Structure formats: structure tokens, C-alpha cells
Amino acid sequence: MSIVVHNFEQPDRFVVGTVGEPGQRAFFLQAKEGPRVTTVAVEKQQVSILAERVEEMLDEALRRSGGDAAIPAVAPTGVGDKEPLDQPIVEEFRVGTIKLSWDNDAGQVVLELFPVSDEEVVVTTEDDTVETDEVTLEVEVTAGEVLIVKLEPGYARSFVRRAQSVVSAGRAPCTFCGNPLDPEGHICPRANGFRRIAD
């Protein structure tokens, strides 16, 4: 079976964005290179975890290089993308599996996003080359489509900053239980079932 590959070697932008009001937001990842735009749907939790893992990977790559790698410790000023998602939003697929890796030769973060599938996912670990003592996680996915995006370290830091901002821009947490607080309030488990209203 042939696989459809949406490959972005040098994307002009790769961003997280949402559509809808807090509490009803749909999350998307969008890659753009020239006139090509590919948009995939993701869950809020996937965005949060992806941002965390990209940050950890960059920190680890910087640590292993002894500070010699061209990886900024924080997102560079002036690199951020604050623009909304490109319209119209045409969802290619809903993301199920994300494979994240560091290309040491190119000095880039590589993301591979696969659609939700009923197929079985096999996860194996193998020792990496002699150059490092790290363990590489390989995910074998049977899918008919994949989005591959390669990011420079500075842009990857900027992606993380925007992703964290988008995730935190949702509903405010309840000061008592920490659960998301709707504008009309919610039944707070720490208030013995009484409704708490947003300020």
C-alpha cells in the first residue's frame, strides 16, 4: 500500500492554533512551505506533551554537546509566530501517533505525525550507534498517511513557546479544585457539590 507523505523539510511556519471558544476549542497543527499548507487535528493534551518533549529533547541535545551545539537555551526574540492559522482550515487527518527525534547531523528536530488508526502499533527499542549511549525509541506504524516536519532549534523553541501559550489560553482553573472553570461555573468537588462561578 502506498503512503501519502506530507514532507516539510524547510517549513516557512509550523504552528499550533485553535478554532472555537475556550471549553469548545479544536486544536490543530499547521505546516506551511511556500503555497503548500497541511493541517492536522490534535488533542489539547497531545499539544501539551509534544511541547514538553520537544523542550526536553533540545535541552538534552544542548547538554550532550557541552554547550557547543547551535541550540538556543530559550526561544529567540523575534522568531515567534503570532499569526492565526491559515484559512481555510482543511483537516488532512486526526493525529494518533507522534514520533519525535533529533537529527544530529542536520541539527534539527524531526516530527512525524501519523493518523489515528485501528492498526496495531508496535514499539521497539534499539541501542543507538556507538557515537552516543542513548536509547532510540522506534515506533512502527501502519498508516496510509504521515506528516513530516523538520525544525531548526531556534524555531523549535519558538514552537514550544507558542504551544504552551495556546494550551494555557483556555478556561481558567478553579482556585479550589484546579478543574477548568466554565463561564457559567461548574460543580466543584471540593465545595461539596456547590456550583462555583467564574469571577
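The table that follows gives values for the structure above.
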quantity	calculated
Pairs, first over 13 Å from Pro22 (Cα atoms) in region 163-181, second modelled with pLDDT of 70 or more and crowded, with 16+ Cβ neighbours inside 10 Å, C-beta under 7 Å, six or more apart	Ala163/Val16; Ala163/Val47; Ala163/Leu50; Ala163/Ala51; Gln164/Ala51; Cys174/Cys188; Phe176/Cys188; Cys177/Cys188
Ser65, sole failed condition from (1) closer than 22 Å to Ser168 by Cα; (2) modelled with pLDDT under 90	(1)
Among residues of region 38-75, those that are loosely packed, with under 15 Cβ neighbours inside 10 Å, touching a Phe, Trp or Tyr at 6+ places or on another chain (Cβ under 9 Å) and not in a helix (DSSP H, G or I), counted	1
Region 1-18: number of residues that are surrounded by 14 or more Cβ atoms within 10 Å (Cβ to Cβ) and among the aliphatic types (A, V, I, L, M)	2
Subset of region 76-94 [in contact with a Ser or Thr (Cβ under 8 Å, 6 or more places away or on another chain) and not in a loop (DSSP other than H, G, I, E, B)]	Glu91, Glu92
Those strands (runs of 3 or more DSSP E) lying entirely in region 95-199 with at least 3 residues modelled with pLDDT of 90 or more	108-115, 145-151
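The values are calculated or read from the model by the stated rules, or taken from the named source; none is laboratory data. Note that the structure is predicted; figures quoted are calculated from it, not measured. For neighbour counting, all protein chains shown are included, and Cβ atoms are generated from backbone atoms with ideal geometry for every residue, glycine included.
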